[in-house]
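Okay, so here's the structure we're looking at.
The values are calculated or read from the model by the stated rules, or taken from the named source; none is laboratory data. Not measured: the values here are computed from a predicted model. We place every Cβ from the backbone using ideal geometry, glycine too, and count neighbours over all the protein chains shown.
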Amino acid sequence: MRKKIVAGNWKLNKNKAESIELTSEIKEKIKGVLSTDSHEVILCPPFVHISNVVDLVKGSEGLKVGSQDCSLFEQGAYTGEVSAEILKSYNVSYAIIGHSERRNYFKEDGNVLSQKVTQAVKSQITPIFCCGELLNERESGSHFDIVQSQLEEGLFHLSETEIKNCVIAYEPVWAIGTGKTATPDEAQEMHKFIRGLVELKYGQEVANEFSVLYGGSCKPGNAKSLFNCLDIDGGLIGGASLNADDFVEIIKALGS
Ligand code: 13P
């Protein structure tokens, strides 16, 4: 089912006490805000906070927990890794995979990401697969090609049944943490393109039911104009997800 989603990517922020405080505040403030089962709010804290956050959101309808990554390995001698299977045992529902910060700082390429996606799907965790171009790639006009190859390399190996349980997040790298947002027109143009790629590969029915989120300096002040676009089904939020009031304002922008 095509869902309207707001996901908060906390990145490397919040200690134990702060993560509990933020989760409790969000839980309190979204009471009555999420209208139907077609709306979902996802909190993606650092790995070590996941257990606490899962316990805190228990019983809150429409509030789910995601990880910011998962291992490409299933199990074994891989020091420091956390597998999708372990995450599933903590009731993690989503995993962000292929964030530009992972691609950039940790050199994750399409081959690695496709394996992470496979692991997540195997453990029945929904990948939130990120794609997006650098500023120079947009300026040179290659942004559509870049996004297309990111999707083809990292996500489109999945079968039709598997892809139905995935979400794509378009995050232009030049808009992440910069205060510079894609205009609704720029974002809509890319989201339409992405949905078109899903349609080409998996057919119209899958494409129509697919959620594509926008990420990159999405704030209470611009969320509505972005979410009102035809092919934008919500947002993947960084900075503004660290403040309960801002985050809940963004959730409200999903509308009914
Ligand atoms: P900002 O909202 O801080 O720009 O971050 C976006 C992002 O990277 C979400 O994954």
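For the stretch 91-98, the criterion of being at pLDDT 95 or above, surrounded by 21 or more Cβ atoms within 10 Å (Cβ to Cβ), away from the ligand (no atom under 16 Å from the Cβ) and of a type in the set (A, V, I, L, M) is satisfied by at least one residue. Only one entry of ILE250, ILE194 meets the criterion of being touching a Gly at 6+ places or on another chain (Cβ under 7 Å) and either outside any helix (DSSP H, G or I) or more than 9 Å from the ligand (Cβ to nearest atom) (or both), and that entry is ILE250. Taken over the stretch 230-247, the criterion of being more than 12 Å from the ligand (Cβ to nearest atom), among the aliphatic types (A, V, I, L, M), outside any helix (DSSP H, G or I) and surrounded by 19 or more Cβ atoms within 10 Å (Cβ to Cβ) is satisfied by ILE232 alone.
Scan the stretch 155-185 for residues that are surrounded by 15 or more Cβ atoms within 10 Å (Cβ to Cβ), over 16 Å from the mean Cα position of the chain (by Cα) and closer than 17 Å to CYS218 by Cβ and the total you get is 4. Filtering GLU205, GLU209 for residues that are loosely packed, with under 15 Cβ neighbours inside 10 Å, away from the ligand (no atom under 16 Å from the Cβ) and within 18 Å of the chain's Cα centre (by Cα) leaves a single hit, GLU209. Scanning the stretch 212-229 for residues that are more than 16 Å from GLU189 (Cα to Cα), within 12 Å of the ligand (Cβ to nearest atom) and part of a helix (DSSP H, G or I) yields PRO220, ASN222, ALA223.
Given LYS116, LYS88, which one is of a type in the set (D, E, K, R), buried (at least 21 other Cβ atoms within 10 Å of the Cβ) and assigned to a helix (DSSP H, G or I)? Before the answer, list the steps.
Details: LYS88 fails: buried (at least 21 other Cβ atoms within 10 Å of the Cβ).
After ruling out the rest, the residue left standing is LYS116.
The combined condition, being surrounded by 17 or more Cβ atoms within 10 Å (Cβ to Cβ), over 18 Å from the mean Cα position of the chain (by Cα) and assigned to a loop (DSSP other than H, G, I, E, B), is fulfilled by VAL82.
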